[in-house]
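Everything on this sheet refers to the single structure shown next.
The values are calculated or read from the model by the stated rules, or taken from the named source; none is laboratory data. Quick caveat: nothing in here was measured; it's all calculated off a predicted structure. Here the Cβ positions follow ideal geometry from the backbone for every residue, glycine too, while neighbour counts run over all protein chains shown.
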Amino acid sequence: MLNKKWGFSAIALVLSLSTVLAGCGNDDKNNTITFWTPLTGDDGAYMDQLVKDYNATNPEIKVKHVITADMYTKVSTVLNSGKGVPDLAIIHADRVPGFVKQGQLEPMTAVTTAQPEIKEDNYLPQAWNTGNIDGTQYTVPLDIHSNVMYYNKDLLAKYGAESFLDDNVVTIDEMLSLQGKLDEGDYVVNDALLGWVILAQIQDLGGDIQEDGKPAVNTPVMKQAFENVKKINDAGLMTPFGEDGYLMFQSGNVLFSTDGTWSSTAHAGVEGLNFGVTNVYSPTPDKFTNRSSSHLFAMLKNKDRSEEKVAGIGSFLEFIRENSMEWAKAGQTVASKQVIENPEYQNYMQSFFTSNEKEIESLYIYTYEYYPYIAEAVDTYCGDIVRGNVDIDETLATMQKFVEDKIAEGTSAQ
Amino acid sequence: MKKKLNLAPVFFVGPHVILFIVFILLPTIYGIYASFTKWNLMNDPVWVGLDNYKTILFDNSSTFHTQFNNGLKNTLIFVLLSVPLLIVLPLLIAVALEHKKVKGKSLIQAILYVPGLISISAGALIWLLLFNKQLGMVGNVFGSEVSWPTHQPYAWILIIIITIWGGVGGNLIIYRASISGVAQDLYESAEMDGAGPIRRFASITLPSIRFPLVYTFVMTTAGAFNVFGQPLMMTDGGPRQSTHVLMMYIRQLAFGNGESIAGMASAMAVLLGLVILLISALQYYVMNRNAA
């Protein structure tokens, strides 16, 4: 009887301990590069394929791709404890200044020294530069993913608006010229990624989101940007507030959709949707901006990362530089010049955005340290401002305070 | 006589105690400590005493004060709208299912319980499509011209509908189990004395299931204060942040964009915890006293 009791107890103990300790074991931690990415969508599968292709080359140290939902939360946890820090990670461009300031990124110097082709000349300049802080290179870029504007070719023809695309800049005035000319249920543009559209307008108007290192949200330029977009809404040309403008574009009721490059694959899957891609609309024909971000390879501070692993990371990044055509399938603008100069890349719609210098320049990445707070403020309030639900001056003041309060709270901890 | 040492209970309870300490007690203590600090989750916390609480509660000009007030107000609205429905509806259904003539009781119970097993994100996507003006049933069958998630009071109605849809089944099972435990002879003798169904419900059923009622009331209220998924998925806090609940602000501060503001988020979480504790204790005290 006693034995039976002890048997049950032992099983209970083993089960609970195995639950608690699961994951602690890591036999292959010295011969595998742990690679975390936040790529939880379809793009995760393309990255899986790239890693698989690399491992098939039989490198000395293989790469293990771990798709990590809520990656930044987990990153802060492992950095805080110093345990389980991945050898390599993909982070977004707007995270670089913050991570560097916190001293949490390892410079890429060892990688760039060992792999001479991993250098500025071989990548899209803004993707490379976003990882350069005070002359030190902290990241190697994978892509630029930008806000773009899809157009419905059939609707453009129906409403005689094909000429809008002649100079590759659709202006707000051109859009407004369609007022009163659309059938019921049709709209000129949707509000997909509206916050990114607003941030692009600021560049088009010659403004910025910071002045002397301080956040500049409540500014005449920001107000102008909102008012310009609001004009489209007030004219009844924007898809109604709360409607799924993305789906409305796919269902063929919207001329323009200000979405991301990555949506091209989803749009292509819609039967009968005859679409193309161009630049996000602008208030002026002289300038256009496609607000962008970038996926960047980075090494978070990790005292256990051996020199062999760093060398392995270098080999992997060089492989990606040469072989990331697969990444174009995910709809992203690949950062490696070798890939985008390959004729095969022309098969992908996003090649439009690297077709000439002006287009490359239009891919704008904000690198201001507090950009994430400003983007959050813009995203939180832009819908209500553009739809006229709130007073613009009052809301801009609230947004400015929102950003300043967060900055004060965040940095004073240092 | 030598006392026999029986370790078996320790082995059964031990893992639970360990898990409680590791995943509940220590994080709670550390969370309270963090609320007195400025902390970005990466570097060490810096002790600031009561500063976070002062800002949240008394600094009218601070964004965090505005967020806390707005978040708590919206959370209270959700609690007031959802809790009575989550108590009364399952109770009525449970009582109705006890009727002899109702067929397929288990099937009905299962149908009402299954939504609670579906993840909130999947459920929200289904309901958003149902209420989509262009594609959904509400627009096409009932001719609704409103975009529900972006207009009040429809945004709240939408959140409450999905909450009730997902939450009725849990309490229903508790009520059915407890009602089935009530002695049938009580009902029979009451019936012989001429008591009608309402009288039987008020004089026999309700007092007999007093403890399950107190339990569901307290737990449902505490759960409702922690509302997060429904407003996040259905309305994203809009329109004009009128459905932006406190948990959404807390999460955004701690794990949102840019550098984390975890100290302030912890202080908000502690204050929310105190509100829940206070209200739960009050509910328990009032209901138990009235029932005594």
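Structure values in brief
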| read-out | value |
| --- | --- |
| Scope the stretch A:234-247; condition buried (at least 19 other Cβ atoms within 10 Å of the Cβ), more than 24 Å from the chain's Cα centre (by Cα) and within 23 Å of residue A:399 (Cβ to Cβ); matching residues | A:238, A:241 |
| The stretch B:158-173 - residue that is aliphatic (A, V, I, L, M) and farther than 21 Å from residue B:234 by Cα and, of those, surrounded by the most Cβ atoms within 10 Å (Cβ to Cβ) | B:172 |
| Boolean, residue A:218 is buried (at least 17 other Cβ atoms within 10 Å of the Cβ), within 21 Å of residue A:400 (Cα to Cα) and polar (S, T, N, Q) | yes |
| Number of positions in the stretch B:22-57 that are over 22 Å from residue A:405 (Cβ atoms) and within 11 Å of chain A (Cβ to nearest Cβ) | 3 |
| Counted residues, the stretch A:96-114 - those being at pLDDT below 90 and surrounded by fewer than 17 Cβ atoms within 10 Å (Cβ to Cβ) | 2 |
| Residue tally, condition away from chain A (no Cβ under 14 Å) and within 18 Å of residue A:402 (Cβ to Cβ), over the stretch B:246-265 | 1 |
| Some residue of the stretch B:84-97 being under 18 Å from residue B:241 (Cβ atoms), in a helix (DSSP H, G or I) and modelled with pLDDT of 95 or more | no |
| Filtered residue count, the stretch A:183-204, keeping only those that are of a type outside the set (Asp, Glu) and surrounded by fewer than 19 Cβ atoms within 10 Å (Cβ to Cβ) | 1 |
| Residue satisfying all of: in the stretch B:99-121; more than 16 Å from residue B:173 (Cα to Cα) and touching a residue at least 12 places away in the same chain (Cβ under 8 Å); surrounded by the most Cβ atoms within 10 Å (Cβ to Cβ) among these | B:120 |
| Pairs, first within 13 Å of chain A (Cβ to nearest Cβ) in the stretch B:221-240, second surrounded by fewer than 20 Cβ atoms within 10 Å (Cβ to Cβ) and part of a loop (DSSP other than H, G, I, E, B), C-beta under 7 Å, six or more apart | B:239/A:389; B:239/B:151; B:239/B:152; B:240/A:389; B:240/A:390 |
| The stretch A:356-383, residues that are facing chain B (nearest Cβ under 10 Å) and either hydroxyl-bearing (Ser, Thr, Tyr) or surrounded by fewer than 19 Cβ atoms within 10 Å (Cβ to Cβ) (or both) | A:370, A:371, A:373, A:379, A:380, A:381 |
| Residue check, residue B:113 over 19 Å from residue B:223 (Cα atoms) and away from chain A (no Cβ under 13 Å) | no |
| Residue check for residue B:133: surrounded by fewer than 16 Cβ atoms within 10 Å (Cβ to Cβ) and more than 17 Å from the chain's Cα centre (by Cα) | no |
| Some residue of the stretch B:169-190 being assigned to a helix (DSSP H, G or I), without any contact (Cβ under 8 Å) to a residue 12 or more places away in the chain and of a type in the set (D, E, K, R) | yes |
| Residue list for the stretch A:150-170, restricted to those being of a type in the set (D, E, K, R) and either closer than 22 Å to residue A:47 by Cα or in a loop (DSSP other than H, G, I, E, B) (or both) | A:166, A:167 |
| Among (1) surrounded by fewer than 17 Cβ atoms within 10 Å (Cβ to Cβ); (2) in contact (Cβ under 8 Å) with a residue 12 or more places away in the chain - the single one residue B:148 does not satisfy | (1) |
| Residue in the stretch B:195-206 that is surrounded by 16 or more Cβ atoms within 10 Å (Cβ to Cβ), in contact with a Gly (Cβ under 9 Å, 6 or more places away or on another chain) and hydrophobic (A, V, I, L, M, F, W, C) present | no |
| Of all residues making up the stretch B:54-69, the number that are surrounded by fewer than 18 Cβ atoms within 10 Å (Cβ to Cβ) and either among the acidic types (Asp, Glu) or under 15 Å from residue B:247 (Cα atoms) (or both) | 3 |
| Single condition residue A:174 does not satisfy, out of (1) outside any strand (DSSP E or B); (2) touching a helix residue (DSSP H, G or I) at 6+ places or on another chain (Cβ under 6 Å); (3) more than 23 Å from residue A:286 (Cα to Cα) | (3) |
| Residue within the stretch B:150-158 that is of a type in the set (Gly, Ala, Ser), away from every other protein chain (no Cβ under 14 Å) and in a helix (DSSP H, G or I) present | no |
| Residue B:227 being more than 17 Å from residue B:98 (Cβ to Cβ), among the β-branched types (Val, Ile, Thr), at pLDDT 90 or above and not in a helix (DSSP H, G or I) | yes |
| Failed item, numbered, when residue A:293 is tested on (1) over 20 Å from residue A:174 (Cα atoms); (2) buried (at least 20 other Cβ atoms within 10 Å of the Cβ); (3) away from chain B (no Cβ under 14 Å) | (3) |
